1. L271 versus D160, label points 7 Å from Cα toward the beta carbon: distance in nm?
2. In nm, to one decimal, how far is the T249 label point from the K149 one, both placed 7 Å along Cα→Cβ?
3. Work out, step by step, the length gained on full extension between V226 and D122: first 0.36 nm times the residue separation, then minus their alpha carbon distance; give nm to one decimal.
4. Per the helix-only calculation at 222 nm, which mean residue ellipticity applies to the chain, given -39500 (n - 2.57) for every DSSP H run of n ≥ 4 and division by its residues, nearest 500 deg cm²/dmol?
5. With θ taken as phi - 60° and the coefficients 6.51, -1.76 and 1.60, list the Karplus ³J(HN,Hα) couplings across segment 210-219 in order, rounded to whole Hz; mark glycine and proline as x.
6. Mind checking which lysines have their Cα closer than 26 Å to the Cα of K137? Skip sequence neighbours fewer than 8 apart in that chain.
7. If amide H atoms are built 1.01 Å from N in the plane of the peptide, which residues on other chains or at least 5 residues away come under 5 Å of the amide H of W153?
8. Give the accessible area for V78 in Å² (nearest 10); use a 1.4 Å probe, count only protein heavy atoms, and leave out ligands, DNA and RNA.
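The values are calculated or read from the model by the stated rules, or taken from the named source; none is laboratory data. Keep in mind that what you see is a predicted model, and the values were worked out from it rather than measured. Heads up, the Cβs are rebuilt from the backbone with ideal geometry, glycines too, and the neighbour counts pull from every protein chain shown. Just the protein is used for accessible areas: all its heavy atoms, side chains included, with ligands, DNA and RNA removed. Shrake-Rupley method; radii C 1.70, N 1.55, O 1.52, S 1.80 Å.
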Amino acid sequence: MADTDPLRQYRARRNFSATPEPGHAGGAGEAPEFVIQKHWASHLHYDFRLELDGSIKSWAVPKGPSLDPTDKRMAMQVEDHPLSYAGFEGLIPAGQYGAGKVIVWDKGIWVPLGEPERGYRDRHLRFELRGHKLHGKWVLIRIKAKTGKQLPWLLIKEKDGFARAASTFSVVDEQPDSVASATAPQQHLPRASPAPAAPRAHLPVSLAPQLATFAAAPPPEQQAWVYEIKFDGYRILTRVQSGVVRLFTRSGLDWTAKLQSLRQALADLQLPDG
């Protein structure tokens, strides 16, 4: 009879009175999560995990992910982990299975490209990642094992706007730290004083919104910064004057006529001039 408990092997390998790893299964969120944990075990590696069918499918990736589609990174499948493991950071004590430091190197949601259970079953799982560090389309491909006990896959970045040549950028080298603090409440930061009331003025003829730019390196004091994902798409400015809504592109083109449904939705809000 087939084993219906996907976490049986996970629990059998761990002494939860000695390791800080979670023993409970945890609950699913609104969207399937992915997490990549950087793990200093006997050898440094990256544990790539996807939430699927009530547990987290897991692969050990020795070199970590690459944004270069020509890199085919070996990913050895390991036992399923509980959903609660997605937030785990800590030190697994010496003498315990997987002993060593663990950090959450990246996390976010993943979007299957196709039916995920079938893709996993057919050994060709395509998906999109929406994380702090990894974005865009990826694929996991099962390959033939050299021994009967190994379950080798390849983790490959697909060609899209997020791909980058390995000769110019290594995401594991350029962004080595945990992202767990990026989503934690910044309670240690001092609160800013309220800004004084701005003087009233006429609406300007045009506005220049801020632009996202590439940085050479993360800021030196990362705990004092909050990060957000930059999504592709159009950046539209809304101008409301005397009840008339107009929509402009970043370069100043009037796109009101092209976005009538959006204009109507904004008009229905009866916004003040601004």
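1. In this crude spin-label approximation the distance works out to 2.9 nm.
2. Output for this residue pair reads 6.0 nm.
3. That pair, V226 and D122, stretches by 33.5 nm at full extension.
4. Values: 4 runs with 24 residues, N = 274.
Theoretical 222 nm ellipticity from helices: -2000 deg cm²/dmol.
5. Once rounded to whole Hz, the list reads 5, 10, 6, 10, 6, 10, 6, 7, x, x.
6. K38, K57, K63, K72, K107, K157, K159, K230
7. Sorted by chain and number, the residues that satisfy this are A75, M76, Q77, I143.
8. 50 Å²
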